[in-house]
Amino acid sequence: MRKTARTAVAAATVALFAAGVGDCSNPGGGTAPSRSRTPAPRTGTATPAGARLTIKDFTFRPANLSVRPGATVTAVNEDSTTHTVTAGGARLFDTGSIKPGRTATFRAPGRAGRYTYTCTIHPYMKATLTVR
Amino acid sequence: MAPDHRAPRRPGRIARDAARLLAAAGLALDAYVHARLAGRYDGVTATIGQGMLFRVEAALAALAALLVLVWRRPGGDTFAWLVATGGLALLLLYTYVDVGAPGPLPDMYEPHWSADKKLAALGQAVAVLATVFLLLTRTRGPRRDRR
């Protein structure tokens with residue numbers, strides 16, 4: 001290998017690590033976009049006609065939504081990537097893939113209780129649906 | 001009794017063998033994580049799905065690991081370096097920059113550092129460093145770095 005090629009490999013490697021690996025411990029800082037990763041949790045209450053939850057910045061909003069049994073819930077994906085709204089475990093409800101900018105609806109469980117749901121693509125996204 | 005003509009293993013050779021193992025392990029880890037996550041990301045689609053891209057990355061990383069470990073030639077080391085460096089660059093790009101959905105590619109922006117992403121990045125970073133070492137310490141001349 002020529003000396004210039006070796007130098008290029010070394011320089012590219014140094015640039016790559018300087019660009020990002022050091023930021024792994026601080027994912028929210030540096031040159032990261034203005035998206036907030038940890039918005040303050042809010043609690044929402046459903047209207048009799050149904051409820052609405054928003055997906056934004058990889059977060060379900062509100063973090064705890066209260067609805068009546070069997071209510072129709074509308075999920076709006078305001079992120080730039082696809083998400084789902086899926087009840088964990090028994091798959092009590094599942095919107096399937098909601099593409100960016102799209103909306104999906106699902107029916108809340110008929111039994112009162114507190115249901116944790118996630119995005120199956122991004123399992124670290126979690127929120128709660130309270131039926132009462 | 002015939003004299004033993006085998007030369008003792010030099011420290012440089014041992015270091016290169018260790019680097020090969022590290023590069024292959026890092027690439028194998030990269031391949032494993034991407035192959036495992038591919039199904040989950042099939043829902044993120046444009047013309048090409050993110051799951052398919054993950055499978056391509058897994059296949060390339062697995063091939064690179066094999067080449068580094070078995071073929072042991074500069075061409076294979078360079079290919080492995082390209083796969084690891086390209087994979088790590090894309091991982092960092094899609095973590096810190098929302099580039100949207102250019103051309104046939106889906107929007108793969110994901111700012112969260114999940115455990116799987118950390119694992120893949122670790123494997124890629126180790127592979128990058130190990131392959132750089134292999135490429136920069138390559139010996140010239142008739143002596144080949146082959147068994």
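The values are calculated or read from the model by the stated rules, or taken from the named source; none is laboratory data. For clarity, every value in this text was computed on a predicted model and none was experimentally measured. Ideal geometry is used to build each Cβ from the backbone, glycine not excepted, and the neighbour counts take in all protein chains shown. Side chains included, ligands, DNA and RNA excluded: accessible areas come from the protein's heavy atoms. Shrake-Rupley method; radii C 1.70, N 1.55, O 1.52, S 1.80 Å.
Summary table
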{"read-out": "Gaussian network model of chain B, springs between alpha carbon atoms under 10 Å - residue of B:A24, B:A125, B:A84 with greatest fluctuation", "value": "B:A125"}
{"read-out": "Sequence of B:D98, B:D30 when ordered by accessible area, the most exposed leading, probe 1.4 angstrom", "value": "B:D98, B:D30"}
{"read-out": "Contour minus Cα-Cα distance for B:W71 and B:M52 (0.36 nm per residue)", "value": "4.1 nm"}
{"read-out": "B/A buried area, accessible surface, summed, 1.4 Å probe, Å²", "value": "2700"}
{"read-out": "Space enclosed by the convex hull of the alpha-carbon atoms of chain B, per residue, Å³", "value": "127"}
{"read-out": "Probe 1.4 Å, all protein chains present, accessible-area order of B:E57, A:E78, largest first", "value": "A:E78, B:E57"}
{"read-out": "In degrees, nearest ten, helix B:11-38 long axis to first principal axis of chain B (Cα)", "value": "20"}
{"read-out": "Shielding by other protein chains, B:107-114, mean Cβ within 10 Å", "value": "6"}
